[in-house]
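**Q** One structure, pasted below without further comment.
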Amino acid sequence: MSAELEALAATLPPRGRLIGVDLGTKTIGLALSDLERRIASPLETIRRTKFGPDAARLAAIVAQFDVKGIVVGLPLNMDGTAGPRVQATRAFMRNLGPLVPCPIVPWDERLSTVAVTRMLIEADASRARRGEVVDKIAAAYILQGALDRLAGLAARREEDGADDGGAV
């Protein structure tokens, strides 16, 4: 998955938003980055119906915010293997691809919902409030992980470019 993110990094313009997607069976959590791709913010939760309307809403958001790439949480098993949910997520990504003008890449989302739920419990959010926000906050958690990785890749590229043997 890191390879897909590295390939995305090579094609991204210097500025432009990314969207993070936490694809659940009942909802789709969405998060949006800032133009500099430093901070992920929760955006909204789509109540899932059928692929067509769900994809149309996502495509409308991509267009509205001029999104340059989509990062979809891939729900791997704890041992890193792919189960039925991974297959469903990859199928969603494949089907969404022709409907949006930007690349779609997976990002390991293991424990994202658990981490976000724990954070909300520690913040003393009610069960009802947690249910309302957990998916879009999980999407922000997923997207922030990808943004941090992209920042690391950019820093490494800068170091490699600056390391040109400039000794006098």
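**Q** Whose amide H sits under 5 Å from the amide H of Ile104, counting only residues 5 or more places off or on another chain, with H placed in the peptide plane?
**A** Residues meeting the amide H criterion: Ile70.
**Q** Something else about it: What's the carbon and sulfur percent of region 40-89's accessible surface, probe 1.4 angstrom, rounded to a whole number?
**A** Ligands and nucleic acids excluded, carbon and sulfur give 56 percent.
**Q** For the chain, which DSSP H helices look membrane-span-like by this rule: Cα extent along the axis of 30 Å or more and mean Kyte-Doolittle of at least -1.0?
**A** 127-162
**Q** Could I ask something else about it? If you restrict to DSSP beta bridges whose two residues both lie in the chain, what percentage is antiparallel, to the nearest 5? The partial results should precede the final answer.
**A** Numbers: 12 of 21 bridges.
Taking every DSSP beta bridge within the chain, about 55 percent pair in antiparallel fashion.
**Q** Next up: For the chain, with equal point scatterers placed on the C-alpha atoms only and solvent neglected, what are the log10 I(q)/I(0) values from the Debye formula at q = 0.11, 0.12, 0.18, 0.21 1/Å, to two decimals?
**A** Relative scattering, expressed as log10 I(q)/I(0), comes to -0.46, -0.54, -1.13, -1.48.
**Q** Over the chain, with the other protein chains present, what is the accessible area per residue in square angstrom, probe 1.4 angstrom?
**A** Working: 9230 Å² over 168 residues.
Per-residue value: 55 Å².
The values are calculated or read from the model by the stated rules, or taken from the named source; none is laboratory data. The model shown is predicted, which means the values in this text are computed figures rather than measured ones. What goes into the accessible areas is simple: the full protein's heavy atoms, side chains included, and nothing from ligands, DNA or RNA. Shrake-Rupley method; radii C 1.70, N 1.55, O 1.52, S 1.80 Å.
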